[in-house]
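Novice: Okay, here's the structure, questions in a sec.
The values are calculated or read from the model by the stated rules, or taken from the named source; none is laboratory data. Everything numeric here is computed off the predicted structure, so don't read it as measured data. A quick note on method: Cβ atoms are made from the backbone with ideal geometry, for glycine too, and the neighbour counts reach across all protein chains shown. Ligands, DNA and RNA are stripped out before the accessible areas are found, and what is left, the full protein with its side chains, is counted by its heavy atoms. Shrake-Rupley method; radii C 1.70, N 1.55, O 1.52, S 1.80 Å.
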Amino acid sequence: MVELDRIDHAIMRELQKDARLTVTKLASRIGLSKTPCQVRMRRLEEQGYITGYTALINQTKLGLNHIAFAQVTLSDTSSKALAAFNDAIRQISAVEQCHMIAGNFDYLLKVRTRNMAEYRQVLGEQISALPHVLQTSTFVVMENVKDGGL
C-alpha cells in the first residue's frame, strides 16, 4: 500500500464534505489536474480508504428528533453470545450505531426515534429482548453540537 500524503487526505476531506463533487471541481479545490485527481481517487477506493458514497439524510425532517445513547451490559460475553447479540442488534432500524466498548459495560448504542415514548418502546420491546442483555442505561441527547467527522 502507498502511504497517504496531504493531497490524498485533502481528497478524502473534500469528498466527506460533498461526495457529489465532479472530478474537475475536486481537482480544482485540491490543486491538481483532473486525470491525476481521478487516478488518486481510484487508488483510494481500490485500497479501501474510500469505501463508498452515500447521501446524508436530515433525520429531523423525517420526524426522528429524539436521540438517546444506551449502554448495554450482557450476561454472557463469550464469542457465541457476542455474535448472537451483534446479529440481533443489526435488525433494529432505530439503532443507528452500535459499538462494542472496553469498559464497565459492553455496548454503546445510538438510537434515533420520534420521541421518548417511541424510544421506551424500542428499548423495552426490542433492545432489552435481545440475546444476553442483562442491563441497559440511557442518556438522552439535549442538543446535537457536532455530528460527523468534519
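Novice: I'd like to check something: does the range 123-140 contain any residue that is under 21 Å from the mean Cα position of the chain (by Cα) and under 30 Å from R20 (Cβ atoms)?
Specialist: Among the residues of the range 123-140, not one is under 21 Å from the mean Cα position of the chain (by Cα) and under 30 Å from R20 (Cβ atoms), which makes the answer no.
Novice: Can K17 be described as touching a helix residue (DSSP H, G or I) at 6+ places or on another chain (Cβ under 6 Å), open to solvent by 80 Å² or more (accessible area, probe 1.4 Å) and either charged (D, E, K, R) or under 18 Å from A55 (Cβ atoms) (or both)?
Specialist: no
Novice: Looking at this structure, is L130 open to solvent by less than 70 Å² (accessible area, probe 1.4 Å) and in a loop (DSSP other than H, G, I, E, B)?
Specialist: yes
Novice: I need the full set of residues from the range 33-51 which are farther than 11 Å from D8 by Cβ and surrounded by 13 or more Cβ atoms within 10 Å (Cβ to Cβ), in order please.
Specialist: K34, Q38, E45
Novice: What is the residue count in the range 89-127 for residues that are among the basic types (K, R) and in a strand (DSSP E or B)?
Specialist: Number of matching residues: 2.
Novice: Counting only residues that are under 20 Å from G148 (Cα atoms) and open to solvent by 80 Å² or more (accessible area, probe 1.4 Å), which one in the range 59-96 is modelled with the lowest pLDDT?
Specialist: Ranking the candidates gives T60 first.
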